[in-house]
Amino acid sequence: MEVDVSVVGLIGSGHIGGTLARLAVAAGYEVVLSNSRGPQTLSGLVEELGPRASAGTVEAAARAGDLVVVSIPLKSYRSVPAQPLAGKVVIDTNNYYPQRDGQIPELDEDRVTSSELLQQHLPEARVVKVFNNIFFKHLLTLARPAGAADRSALPIAGDDAEAKAVVTGFLDRIGYDTVDAGSLADSWRFQPDTPAYGTIYSADPANWEQEAPGDADTVRAALAEAKRG
């Protein structure tokens, strides 16, 4: 089943979600934004983004998107509506931060990854992990046209090959190459506290503010260095 993406739905429109909306609109997509506080709180961002953007409820964004981005705190993942996402490609941008999310035993014990939790909650969706390892400011400033010498790459993980192909096409259009990191079970390789998390897009690992491109070889090397536990 080929997926033609023209509308991107965003469940969560904070730092990463809002940045992705900007990149998507710049790349010619329409976006439907949502958050937990209601569409009226997104009027400023919609106005800034222009006529390709609109705001709605979480349910509306889930239904409208050909591709749907979930970018909310992990502790709230059960609030994502499953039925309207059945059959859809869903991007998961999340990370597990116990200080924010509380302790989740199956994650603490490495029995599953955070993206596998979302996939379990959305059994008929096709979840792909991406955008969780890059600082939102860098996500905006490092986007480059296809073929640019200083183009960065982002790792993705998922259990559905076609879904990963759809996400690869989306990344290419908004300004990024892709490195396939494997299944959702493999997505720990670019979770927090791994070499592929954050600092590979920073000029100075001690100061995340200054960005620096991270190409596919850099990402592959960082994924290979990851150790669990």
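The values are calculated or read from the model by the stated rules, or taken from the named source; none is laboratory data. Since this is a predicted model, take the numbers as computed values, not measurements. Glycine also receives a Cβ, built like all others from the backbone with ideal geometry; neighbour counts cover every protein chain displayed. Calculation scope for accessible area: heavy atoms of the full protein, side chains included, ligands and nucleic acids excluded. Shrake-Rupley method; radii C 1.70, N 1.55, O 1.52, S 1.80 Å.
In the chain, once you exclude exposed GluC sites (Glu not before Pro) (DSSP loop, at most 13 other Cβ within 10 angstrom), what's the longest stretch remaining?
Answer - 3-108.
Please list the non-local residues whose amide H lies under 5 Å from the amide H of residue 55, H modeled 1.01 Å from N, same-chain partners needing a gap of 5 or more.
33
Computed over the Cα atoms of region 23-126, what is the convex hull's projected area averaged over all directions, in nm²?
Over every viewing direction, the Cα hull of region 23-126 projects on average to 7.0 nm².
Based on the alpha carbon coordinates of region 143-193, what radius of gyration and maximum Cα-Cα distance (Dmax) apply, in Å?
That works out to 11.6, 32 Å for Rg and Dmax.
Lys and Arg at +1, Asp and Glu at -1: add these up for the other residues within a Cβ distance under 13 Å of residue 81 and post the number.
+1
If I compute solvent accessible area with a 1.4 Å probe over the protein chains, what percent of it on the chain is carbon and sulfur?
50 percent
So how much slack lies between residue 209 and residue 162, counting 0.36 nm per residue of separation and subtracting their Cα-Cα distance, in nm?
Result: 13.4 nm gained on full extension.
If you put +1 on each Lys and Arg Cβ and -1 on each Asp and Glu Cβ, how big is the dipole of region 71-116 around its Cα centre, in Debye rounded to 20?
Value, rounded to 20: 300 debye.
Once fully extended, how much extra length lies between residue 48 and residue 121, figured as 0.36 nm per residue of separation less the alpha-carbon to alpha-carbon distance?
Once the chain is fully extended between residue 48 and residue 121, it gains 23.0 nm.
What are the equivalent ellipsoid semi-axes of region 53-184, built from the alpha-carbon gyration tensor (square roots of five times its eigenvalues), in whole angstrom, biggest first?
After scaling each eigenvalue by five and taking roots: 24, 18, 15 Å.
Run the numbers for residue 86 and residue 40: contour at 0.36 nm per residue of separation, minus the present Cα-Cα distance, in nm.
Full extension from residue 86 to residue 40 adds 13.9 nm.
Among 190, 152, 131, pick out the residue whose Cα is farthest towards the positive end of the charge dipole of region 95-229, where Lys and Arg carry +1 and Asp and Glu carry -1 on C-beta, about the Cα centre.
So the residue furthest toward the plus end is 152.
Would you compute, from DSSP H runs of 4+ residues alone, the mean residue ellipticity of the chain at 222 nm, taking -39500 (n - 2.57) per run and dividing by the full residue count, rounded to the nearest 500?
Dividing the helical sum by the residues of the chain leaves -8500 deg cm²/dmol.
Relative contact order for the chain using alpha-carbon pairs under 8 Å, separation at least 6, rounded to a whole percent?
16 percent
Let me know the charge dipole size of region 1-87 about its Cα centre in debye, to the nearest 20, where only the beta-carbon of Lys, Arg (+1) and Asp, Glu (-1) is charged.
Charge dipole, region 1-87, about its Cα centre: 380 debye, nearest 20.
What number comes out for accessible area per residue over region 36-82 if the probe is 1.4 Å? Units Å², please.
52 Å²
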